[in-house]
Structure formats: C-alpha cells, structure tokens
Amino acid sequence: MRVLWAHPARAVTAAFLVVFVIGTALLLLPASRAEGSPADLMVASFTTVSALCVTGLITVDTATYWSPFGQVVIMLLIQVGGIGVMTLATLLALAVRGRLGLRSSLAAQMDTHSSGLGQVRQVAGRIVVLALAIEGVVAVLLTLRLALGHGMGWPRAAWHGVFHAVSAFNNAGFALYSDNLIGFVGDIWFIGPVCVALVLGGLGFPVLRELLLRKRLSRWSVHTRLTLGGSAVLLLLGVVLFGLFETGSRGTLAALPPHKQLVGAIGGGVFPRTAGFNAVDYAQVTEETEAITMVLMFIGGGSAGTAGGIKVTTFLLLAAVIWAEVRGEPDVVIGHRRIGGAVQRQALTVALLAVGLVILSTILLMMLTDLPSLDLGFEVVSAFATVGLSTGITAQLPPAGQLILMVLMFLGRLGPITVASAIAVNTRHRHYRLPEERPIVG
C-alpha cells in the first residue's frame, strides 16, 4: 500500500477525493441547508465537486438552498480547490512536524508546479500569501461598492465581498445571487474588480511570481510571455466578439445604454476564461456567442493557476507546431528557443484527450436527454474546462448526466494525464523513491 501511493499523481488524486468526501458530508448536515431545503446526496456531491474543482455549475440556487454555514463550506472548498489541496497539506505538515517527507514533497511539487523539491516550502507559502492578498484587496473593493453603491448593510456587504472575491480569484463562478451577476451587468465598479481578480488567478502562480520578481520584459521566460500575450489576445477577442454579437437587435445587451453595453461586453469576454460568472442569461444569447464562448472555455487560462481548459500555453504551442510544419521547418521554435519533442507530445496528448472527453461526454448526454445538442456541448465544455457557465440545463439533466459532469469537472481540474497516471497499473514509481525515504528539510 505504501508503494501504491508513492506516485505523486496518486497522492494528489487521493487528496482531492478525501476533501470531496469531507465536503459532501458537511453539506449534508442540516446546518448547511436553508429551512425547507431537503437533504439530497446528489445535490451535496455535485456542489462539492463543482466548488472543489472551482467550476461553478449548480443544480440548486446557492443563494436560497444553502444556509450561511453551507455557503461558508462552499467558499472554503473553493479556496482549497483553487490554492491546491496539496499546497495546504504541505503547509499543514510543515506547521505540525516542521519538515516534509519525500512523498509529501513530490506530491506538493506536482500541485504547486515547483521546479525543485527544495522550493516547495517557499512556493507553497508564497501561493497562499499572494492569493490571500489579492482576495483581500478585491473583497474590500466589492464591500465598499455593495455598501455605498447598492445600499447593502455593512456586515452583509462584507460577507458578499469576501465570498465573491474568493470565488473570482479562484475562477469558481459561484455567486450569492439567484441570477448570478446579471443584476450588475453594467456596474463597472463591481464587474471590474471581479474581472481583475479572475484574470490574475487565471494567469497562474508561476507567471504572477515572475512578474513580481522580474520587472524587465527581457528577463521574462517564454512561458510567461506566451501566457500574457495569449491571454491578452483572447481577452480582447472575447470582448470584441461578445459585444458584436450581443449588442445587436437579437442580443442580450441591446436594451442597455452604450457605456453599460461596454461593461457587459467586458464581462462577457472575460468570464468565459474559466471564471463561470454570468452577467447575461446564456439561455438567451445568440448562437454565435454560444459558439465563441465554447472555444474560449476550451482554451482556458494559464498553467498552475486557478483556471481550467487545455491552457493558453498548450494552445499556442500546438499552433507553433502547425506553423512549423506548414513552413517545412525541422524544429519548433518559440522565443528563440527550440521546443523539445517531449513537450510537444505532452501538449498534443492534453489536447486530444480533452477533445475525446468532450465528444464522448456530449454523445452520452445526447443519449440520455432530448435537450438541444448545442446546449449539451456547451455544458460539457464548461464542466471539463471548469468554467461553470450554463444555459440553465444543469438541473434538468438526469442523475447519470450530472454524474458525467462531475467526472468531467474532476478530470478537468486535476488534468487527464494526472488522473491517468494515478490509476495506471503500470505507472512507474521507483523514480520517486529513495532507499530510506529520508525527509527533506528546507
């Protein structure tokens, strides 16, 4: 059994499963539900997976079904899922024992994307500090806006500010309003901080760390340049296309004044980048918007952050591979650096596994329901990319359909390769073992 869990992929997967069980049990407590809300194992399980995988898909109204205690549990699950189960486990082990064992260090290294075992302690601590700092600033801004601009009492405004700051930075998309953020569609003072938080969380912790430590553009790594450049282009493209499709006569923003249309377009272009918030009703958007949103969701955000999807760097790397092949070049070069074959194979594997899972899951849902195929595809991509946007059909799916979405969210958050490595019978674990597995200090 000790050998079985020596592989870090298995340790990370097991940690998520343990937290899933704990979260489901907490949400099943009577104290977690509002008065009149029935106990339902499927609802509790689905909500736990959605929160832990920072997705945001829901089968019940978060604002009315769950009690304040239940909403706190959901927020904590979002925080754990966003920062990383193994990151928090690393800090807990350090606090209790003052050191890390080899298997714990390797699992934490996989979850924090540290470049070496000796950096796990520093990286884990910096991730938590950075996350809490950004969430704190955004929570203050949202609290001030809700209290001063919307007449909400200070205690309630503070709670809503904290919850939505955590949900935004972790790209979760859970909201304490029955219509999500539709009521704030034209409010730049609310939508703005939310968008900034989710973009920062979606860039990835390695990129944020490099931006803080390396001020000069010339010192940025290829990964950081690809993530920032690709994210900027996709965000701009999303805002322009959403505004184009939704400000027309058939669009959801048509009735708003121009300045609010602009704010709505910003939200509509940013939220599909795995955030999951919605300031418009996606059941009413045009088919063009639904299609482009699926593409943005599938690509996702940056690596080693709170965003989902196949990641911007994977998408751009595959684009570079295609460009090199079209030009007949022997090597794939990005930023004057040759990209090795192993990296190319990994990107191709991630993309093909993602496409395969999306297609297979969509077909299965089509067999289980009579709902429109475009809406089913939208739901599947949203679940796999851990986005949380929906046309409102999540609760209409049968239990088998909701179970498919739960599996997709789990695979999307951990990554198909990680899960496959965790369950593979022939996964090599000897590489991760030392004769006596001496603890690593520092």
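Throughout, read-outs are computed from the coordinates displayed, never taken from laboratory work. Everything numeric here is computed off the predicted structure, so don't read it as measured data. Glycine also receives a Cβ, built like all others from the backbone with ideal geometry; neighbour counts cover every protein chain displayed.
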Which shape class, rounded, prolate or oblate, goes with the stretch 344-392 when its Cα gyration tensor gives a ≥ b ≥ c as root eigenvalues, a/c under 1.5 marks rounded, and past that a/b bigger than b/c marks prolate? oblate
Could you give each residue of the stretch 226-233 its phi-based ³J(HN,Hα) in whole Hz, using Karplus coefficients 6.51, -1.76, 1.60 with θ = phi - 60°, and x for Gly or Pro? 5, 5, 5, x, x, 5, 4, 5
How far, in nm, would the chain grow between E329 and A232 when pulled straight, counting 0.36 nm per residue and subtracting the alpha carbon separation? 32.2 nm
Mean shadow area of the stretch 184-271 over all directions, Cα convex hull, nm²: 6.1
Gap in Å between the Cα centre of the stretch 18-66 and the Cα centre of the stretch 188-245? 31
Mind listing the long-range amide H neighbours of R273? Cut-off is under 5 Å, sequence gap 5 or more, other chains count too, H placed in the peptide plane at 1.01 Å from N. none
Could you give me the ³J(HN,Hα) list for the stretch 355-369, computed from phi with Karplus coefficients 6.51, -1.76, 1.60 and θ = phi - 60°, whole Hz, x at Gly and Pro? 4, x, 5, 5, 5, 4, 5, 5, 4, 4, 5, 5, 6, 8, 9
Would you grab the residues whose amide H sits under 5 Å from the one on I334? Only those 5+ places off in sequence or on another chain, please, with H modelled 1.01 Å from N. I339
Please list, in order along the stretch 304-320, the HN-Hα scalar couplings obtained from phi with the Karplus expression 6.51 cos²θ - 1.76 cosθ + 1.60 (θ = phi - 60°), rounded to whole Hz, x for Gly and Pro. 6, x, 8, 7, x, x, 7, 5, 4, 5, 5, 4, 5, 5, 5, 5, 5
Modelling each spin label as a point 7 Å along the Cα-to-Cβ direction, I'd like the D370/M42 distance in nm, to one decimal. 1.9
Within a Cβ distance under 13 Å of G377, other residues only, what is the Lys/Arg minus Asp/Glu net charge? -4
For T64, project a label point 7 Å along Cα to C-beta. Then give me every residue of the stretch 155-199 with its amide nitrogen under 19 Å of that point. 174-184
Taking amide hydrogens as modeled 1.01 Å from N in the peptide plane, which residues meet the under 5 Å criterion relative to W66, leaving out close sequence neighbours? A34
